[in-house]
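To start, the structure under review is shown below, and the notes come after it.
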Amino acid sequence: MKELRRIERVAYVTGALLFLSGVVHAVVLIASGDSWTGPLSMRKAVTFGWAFGLTLVTVAWATSYVAVRPRVRNVLLGVFTGASVVETALVSMQAWRGVPSHFNFETGFDNAVSTTLAAGGGVIILTAVSFTAAAMRGEGETTPSMRLAVRSGLVALLVALGAGAAMIASGVVEARGGNPQAAYTTAGALKPLHAVAMHAILILPGLAWLLRFADWTERRRVRLVWVAIGAYAVLTAVVGVESVAGVSPLAASPVETVTSGLALGVLGLSGAVALREAVRGGSRML
């Protein structure tokens, strides 16, 4: 059992509070009966609280397996934590004010908020790039299967953040061009890719963590992690093609639907095998 570093404890507590803020806003939204759609919906406070809370906790945990100097870890994870708080707080504030949080340049204050949100996204990307570079460069005190899973998860996180940056950039162009409604429509097209790629940093290392308890050779664990990575890559690629084409995953072609369904099936089966073997391994140790 690894001892938690102080900065990791801070990230875990902060992530839990951000997630809780999403829960509170969900209760408010349900109680108020307001719409779950549109740029003025309280939904954004809900989803940002949940997304940043879960992502912060996941990144803190996954990067605990990355070999970096203590001071560098403190800076990177501290900046990621701070940016997550700022992003969630600003989006929630704008939701309570009843104005859009992104692509809103109507007043000087709203312009400052939108600019800060965009800058915060850039800061998060820089920290993720730094952690990914460190993961690719160093071996760390962990197993090859976990190292592979963390590296792949971080690469997928960069894909998700890149999709987010593209969403912001395209939306800003439309909004600055005097068409704010098109900004939300254009930016929203990449949301499925952003969402799917974002969760690899939790799912892949989570699979590798389960395999630690399996009575398998490390070579066999690595093979199963590679299977999961391949399935996740196919799923992400299919969703990415659909997003770029402006096609909803619910309205995809039969080929795309079957391909993504098979990828999900393989990914789910990999997780089921890992869980089964972890339970068996744990039973043998009792």
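Only Cα pairs under 8 Å and 6+ residues apart enter the sum, and on that basis the relative contact order of segment 1-141 stands at 27 percent.
Using only Cα atoms and rounding to the nearest 10 degrees, what angle (0 to 90) does helix 70-97 make with the longest principal axis of the chain? Roughly 40 degrees between the two axes. In whole angstrom, how far apart do the alpha carbon centroids of segment 123-148 and segment 53-106 sit? Each part reduced to its Cα centre gives a spacing of 18 Å. A compact globular protein would have a Cα radius of gyration near 2.2 N^0.38 Å; the ratio found for segment 233-286 is 1.63. Between Trp209, Trp50, Trp36, the GNM of the chain built on Cα springs shorter than 10 angstrom shows Trp36 fluctuating the most. For the chain, the longest principal axis of the C-alpha atoms and the axis of helix 6-32 are separated by about 50°.
Each Lys and Arg contributes +1 and each Asp and Glu -1, all at the Cβ; summed about the Cα centre of the chain, the dipole is approximately 1040 debye. The packing ranking, built from the mean of other Cβ atoms within 10 Å per residue, places the peptides 255-262, 42-49, 223-230 in the order 42-49, 223-230, 255-262, highest first. The mean of 1/r over all pairs of different alpha-carbon atoms in segment 1-141, once inverted, gives a Kirkwood hydrodynamic radius of 16.0 Å. Suppose a student asked you for the relative contact order of segment 144-277, using Cα pairs under 8 Å spaced at least 6 residues apart; what percent would you report? Normalised by residue count, the contact order of segment 144-277 is 29 percent. Sparse packing (at most 15 other Cβ atoms within 10 Å of the Cβ) combined with a DSSP loop state is found for the following GluC sites (Glu not before Pro) in segment 93-186: Glu106, Glu139, Glu141.
Starting from the exponent 0.38 and prefactor 2.2 Å, build the expected Rg for segment 203-243 from its residue count and divide its actual Cα Rg by it.
Values: Rg = 12.5 Å, N = 41, 2.2 N^0.38 = 9.0 Å.
Scaled against compact globular proteins, the figure is 1.39.
Average 1/r across all pairs of distinct alpha carbons in segment 163-225, invert it, and you get the Kirkwood radius: 14.2 Å. Projected onto planes of every orientation and averaged, the convex hull of the alpha-carbon atoms in the chain covers 16.4 nm².
If I fit a long axis through the Cα atoms of helix 43-62 and take the longest principal axis of the Cα atoms of the chain, what angle between them do I get, 0 to 90°, rounded to 10? For helix 43-62, the angle is close to 30 degrees.
Values quoted throughout were computed directly from the atomic coordinates according to the rules given, and no laboratory measurement underlies them. Since the structure is predicted, the reported quantities are computational estimates derived from the model, not experimental observations. Cβ: placed from backbone, ideal geometry, glycine included. Neighbour counts: every protein chain shown.
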